[in-house]
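Reading through the structure tokens given below for one structure.
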Amino acid sequence: MELSKVTLEIFTKLEQKWLSHCETTKKTRILSIDGGGTTCIVAGAALVHLEDQIRLKTGDPLAQIADFFDLITGTGVGAILAAMLAAADASGRPLFTARDAVSALTEKQSEFFKVKFAGVLHRCRRYSDKSMEKVLKELFTREDGKVLTLKDTCKPLLVPCFDLRSSAPFVFSRADASESQSFDFDLWKVCRATSATPSLFKPFSLSSVNGKTTCCAVDGGLVMNNPTAAAVTHVLHNKRDFPSVNGVEDLLVLSLGNGPLISGRKVRHDGRSSTSSIVDIVLDGVSETIDQMLGNAFCWNRTDYVRIQANGLGGDGVVGPRKKEDEVVGVLKERGVESLPFGGKRLLTETNGQLIEGFAQRLVASGKTSLPSSPCKESAVSPLADGR
């Protein structure tokens with residue numbers, strides 16, 4: 001009798017695991033990383049923890065984040081991380097692990113955001129365009145000398161910016177790059193374009209690899225600091241790459257914030273505020289609005305849509321010295337925060353670390369993604385009209 005109970009328990013657990021696997025494998029998985037700031041503490045800590053958990057749960061010490069997501073998107077500094085995770089080496093494998101990508105951003109932060117003073121009296125604080133461009137070129141040039149483009153990614157990549165010439169958002173995507181060279185851009189230029197924050201960097205002009213598409217870009221965060229909605233829309237309407245997706249019920253989404261940028265000191269009692277403060281307010285507002293909308297779209301299903309955001313870290317923004325190691329750990333120990341259906345937020349019982357661990361479990365249960373590293377071979381391309 002005792003043996004029968006044990007046997008029943010074993011088969012019950014196996015059945016639950018099988019059912020969970022069947023349910024999860026139907027999901028298309030999206031990783032989204034917010035822009036805003038320079039340190040990327042929240043997203044960086046979350047990515048490293050996620051990859052560690054994936055390796056722990058799979059038993060594979062070489063498993064990488066890109067193996068378990070079908071699309072990666074990011075804005076600003078989040079786009080730099082996203083591009084590093086998606087960039088492919090000569091064999092088609094991810095060029096950077098999460099830890100390597102975060103370490104590179106941390107170590108080169110002073111070069112990425114090298115302060116210079118402009119203006120007649122040199123009182124205007126800005127960042128050096130040349131310094132950032134130099135680091136980006138180094139990151140996205142392989143050892144064999146190849147400068148990586150949007151097509152040189154192991155998973156679909158989506159990066160927004162705002163085009164001053166058309167006064168409209170411009171979204172760089174591997175899907176478009178695979179169809180036509182007119183929409184294929186160097187990865188370092190894509191990252192530079194989405195990071196061109198007004199008042200801190202000059203607008204960045206860039207052109208596609210064949211020179212037929214041009215853009216004068218400023219920070220994508222002004223319109224899509226949280227690019228999750230753009231990614232969801234892209235997947236829902238891209239039947240070539242995602243034919244099984246019919247609605248949000250077919251998606252599994254992890255959205256990583258980068259900590260709040262605004263605080264009470266941003267706006268004075270008389271209502272005056274600096275240009276950079278206004279930009280921070282816009283970036284935070286865009287991110288939180290998108291989170292609210294997606295919460296509604298997913299019917300507040302915290303299993304299929306998980307948002308990781310700090311609730312008490314870096315209240316005065318992001319420009320400054322590198323964060324200490326204990327602050328990185330603190331991000332994971334903070335209780336998660338969730339937007340409410342009719343406005344406002346509430347603290348969750350789970351910490352950010354626990355939310356990531358639960359999400360990693362679902363990723364591992366669904367297995368590695370089956371999307372090909374390149375959906376369209378160049379020989380099979382049907383170029384779009386230049387006027388697209």
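The values are calculated or read from the model by the stated rules, or taken from the named source; none is laboratory data. Since this is a predicted model, take the numbers as computed values, not measurements. Glycine gets a Cβ as well: all are built from the backbone with ideal geometry, and neighbour counts include every protein chain shown. Accessible surface areas use protein heavy atoms only, side chains included; no ligands, DNA or RNA. Shrake-Rupley method; radii C 1.70, N 1.55, O 1.52, S 1.80 Å.
Structure notes:
- Residues that are in contact with a helix residue (DSSP H, G or I) (Cβ under 7 Å, 6 or more places away or on another chain), more than 26 Å from V282 (Cα to Cα) and buried (at least 16 other Cβ atoms within 10 Å of the Cβ), drawn from segment 199-258: S208, V209, T213, N238, D241, F242, V245, V248, L251, L252
- Members of segment 130-173 that are within 25 Å of L283 (Cα to Cα), of a type in the set (D, E, K, R) and either open to solvent by less than 20 Å² (accessible area, probe 1.4 Å) or at pLDDT 95 or above (or both): D163
- Of the candidates V381, V328, V364, the single residue that is under 26 Å from T28 (Cα atoms) and modelled with pLDDT of 65 or more is V364.
- Listed by position, the helices (runs of 4 or more DSSP H) contained in segment 44-113 that have at least 2 residues being open to solvent by 10 Å² or more (accessible area, probe 1.4 Å) are 98-107, 109-112.
- Every condition in (1) part of a strand (DSSP E or B); (2) at pLDDT 95 or above holds for F117 except the one numbered (2).
- Filter result (more than 13 Å from S255 (Cα to Cα) and either of a type in the set (D, E, K, R) or open to solvent by less than 50 Å² (accessible area, probe 1.4 Å) (or both)) within segment 345-358: K345, R346, L348, E350, T351, G353, E357, G358
- Of the candidates K137, K146, the single residue that is of a type in the set (D, E, K, R) and in contact with a Phe, Trp or Tyr (Cβ under 7 Å, 6 or more places away or on another chain) is K137.
- Residue match in segment 269-292 (condition: modelled with pLDDT of 80 or more, open to solvent by 30 Å² or more (accessible area, probe 1.4 Å) and small (G, A, S)): no
- Every condition in (1) crowded, with 21+ Cβ neighbours inside 10 Å; (2) among the hydrophobic types (A, V, I, L, M, F, W, C); (3) more than 21 Å from S32 (Cα to Cα) is met by W188 except one, and the failing one is (3).
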